[in-house]
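Asker: Here's a structure for you.
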Amino acid sequence: MPTGTCPECDADVHVDMDTDKGETVSCEECGAALEVVGLDPVELDIVEEEDLDDDEDDDEF
Ligand SMILES: [Zn+2]
């Protein structure tokens, strides 16, 4: 099974054989969402989850 390294905590993250580039896996160690950016070797990138803090002027109350 291919293994990548979590950029967040340096743990080994197992990636499914049929996982494609661009898919998101999560680190079992720290729970970070990681995007598969490379397959040979497996490279993982942290997916920054933008918090929904946009200041839109929506008057839906
Ligand atoms: Zn991790």
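Asker: Given (1) polar (S, T, N, Q); (2) in contact with a His (Cβ under 6 Å, 6 or more places away or on another chain); (3) within 12 Å of the ligand (Cβ to nearest atom), where does THR5 come up short, assuming only one miss?
Answerer: (2)
Asker: Let me ask something else. Just need a number here: residues in the stretch 8-20 that are modelled with pLDDT under 95 and either under 17 Å from GLU48 (Cα atoms) or within 8 Å of the ligand (Cβ to nearest atom) (or both).
Answerer: 0
Asker: Now for a separate question. Check VAL37, VAL15 and return the single one that is of a type outside the set (D, E, K, R), surrounded by 14 or more Cβ atoms within 10 Å (Cβ to Cβ) and touching an Asp or Glu at 6+ places or on another chain (Cβ under 9 Å).
Answerer: Values: VAL37 fails: surrounded by 14 or more Cβ atoms within 10 Å (Cβ to Cβ).
Answer to the selection: VAL15.
Asker: Six or more apart or on different chains, Cβ under 8 Å: which pairs go from a residue in the stretch 3-14 that's free of Cβ contacts under 8 Å to residues at least 60 places away in the same chain and farther than 14 Å from VAL37 by Cα to one that's aliphatic (A, V, I, L, M) and within 7 Å of the ligand (Cβ to nearest atom)? Could you list them?
Answerer: GLU8/ALA32; CYS9/ALA32
Asker: Restricting attention to the stretch 40-49, which residues are surrounded by fewer than 13 Cβ atoms within 10 Å (Cβ to Cβ) and either within 14 Å of the ligand (Cβ to nearest atom) or within 11 Å of the chain's Cα centre (by Cα) (or both)?
Answerer: In the first step, residues of the stretch 40-49 are kept if they are surrounded by fewer than 13 Cβ atoms within 10 Å (Cβ to Cβ); the result is 40-41, 48-49.
GLU48, GLU49, listed by residue number.
The values are calculated or read from the model by the stated rules, or taken from the named source; none is laboratory data. For clarity, every value in this text was computed on a predicted model and none was experimentally measured. So basically every Cβ, Gly included, is an ideal-geometry build from the backbone, and we count neighbours across all protein chains shown.
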